[in-house]
Amino acid sequence: MKNRMYADVKTWNSFVGCKFDCSYCKPSFQRMMKRVSGANGCRDCYSFKPHEHPERLSKIPSADTVFVCGTGDISFANPKYVRKIISAIKDRIKKHLAQQFYFQSKNPACFQQYLSDFPKDNTILLTTLETNRDEGYAGVSKAPVPSRRYADFKALDWLRKIITVEPVIDFDHDIFLEWIVDLKPEAVWIGYNSRPKEVQFPEPDKQKLEKLIAAIRDAGVEVKEKDMRG
Ligand code: SF4
């Protein structure tokens, strides 16, 4: 499945679903899964219940970059099953040395247990930080609050990291910039909520967001802009 959020990436859904219940997920991932699973498809995909698809373990896409279990959050997967996913990747890269694999979670602490298993040169760890503000975040998602996520992502002794600031929620410039630079990501992806008619939260204005983007770039970090609303 071609990934709609990230260009040149294919999603490999050997695990699907999530219980974090982000307000912006229903009109995006969850709606898409209802559409693709349709009337006769997988009922657990339809309801977005976390579940395994072991029949897909041997079907890793051939894209340069593969988003591992990108339609869901892998923190809900059984660690034994995640190790099967990592094992399948290790088999794959015996022949495709340069293929890259994105593992993304809003509970990045879950990656701690796999650090010695991930193939070092091929694995990039990602987390989302929509804002630095914990206050009010419970109304957006049941995932760990941003400060917890920042601390847990920082604690991962892993060289290759990416942060997604999408959908961006209003933030405190100095604190948020400090967090992002401190995490030493190889890239940051930033964008507004792409479904503002269906879900709303406090957002920074364009000027504030552009100031943050410029400051991140000044710090030497690559920024990829997503939905910038023109
Ligand atoms: S963490 Fe991701 S998959 Fe889970 S509800 Fe939020 S947006 Fe959806």
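When you go through K84, K80 one by one, which is the residue that is basic (K, R) and either farther than 18 Å from P61 by Cα or not in a helix (DSSP H, G or I) (or both)? Working first, answer last.
Working: K84 fails: either farther than 18 Å from P61 by Cα or not in a helix (DSSP H, G or I) (or both).
The unique qualifying residue is K80.
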Within the stretch 19-51, restricting to residues that are on the phi > 0 side of the Ramachandran plot and within 12 Å of the ligand (Cβ to nearest atom), the one that is surrounded by the fewest Cβ atoms within 10 Å (Cβ to Cβ) is D21
Residue pairs qualifying under the 6 Å Cβ cut-off, at least six apart or on distinct chains, with the first in the stretch 7-21 being closer than 16 Å to R31 by Cα and the second being near the ligand (Cβ under 8 Å from one of its atoms) and part of a strand (DSSP E or B), are V16/G72; G17/G72; C18/G72
Pairing a residue in the stretch 95-110 that is under 20 Å from A77 (Cβ atoms) with any residue that is within 16 Å of the ligand (Cβ to nearest atom) and hydroxyl-bearing (S, T, Y), where Cβ atoms lie under 6 Å and the two sit 6 or more apart in sequence or on different chains, gives S105/S75; K106/T128; N107/S75; P108/T127; C110/S75
What do you reckon, is P54 in contact (Cβ under 8 Å) with a residue 12 or more places away in the chain, more than 12 Å from the ligand (Cβ to nearest atom) and exposed (fewer than 15 other Cβ atoms within 10 Å of the Cβ)? yes
Note on the stretch 103-143: residues within 14 Å of the ligand (Cβ to nearest atom), closer than 30 Å to I93 by Cβ and assigned to a loop (DSSP other than H, G, I, E, B) are S105, K106, N107, L129, A143
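Is one or more of the residues making up the stretch 154-164 within 11 Å of E130 (Cα to Cα) and not β-branched (V, I, T)?
No, because not a single residue in the stretch 154-164 is within 11 Å of E130 (Cα to Cα) and not β-branched (V, I, T).
Residue-wise test of (1) in a helix (DSSP H, G or I); (2) hydrophobic (A, V, I, L, M, F, W, C); (3) within 26 Å of A187 (Cα to Cα).
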{"residue": "Y24", "(1), (2), (3)": "no, no, yes"}
{"residue": "S28", "(1), (2), (3)": "yes, no, yes"}
{"residue": "R31", "(1), (2), (3)": "yes, no, no"}
{"residue": "V36", "(1), (2), (3)": "yes, yes, no"}
{"residue": "N40", "(1), (2), (3)": "no, no, no"}
{"residue": "D44", "(1), (2), (3)": "yes, no, no"}
{"residue": "K59", "(1), (2), (3)": "no, no, no"}
{"residue": "I93", "(1), (2), (3)": "yes, yes, yes"}
Across (1) farther than 17 Å from T123 by Cα; (2) over 16 Å from the mean Cα position of the chain (by Cα), F15 clears everything bar (2)
From the option list G191, G220, single residue qualifying as in contact with a strand residue (DSSP E or B) (Cβ under 7 Å, 6 or more places away or on another chain), over 22 Å from A109 (Cα atoms) and not hydrophobic (A, V, I, L, M, F, W, C) is G191
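We did not get these values from a lab; they are worked out from the coordinates using the rules stated. It should be emphasised that the depicted structure is a prediction, and the values quoted were computed from it without experimental measurement. Quick reminder, even Gly has a Cβ in these numbers, built from the backbone with ideal geometry, and neighbours come from all protein chains shown.
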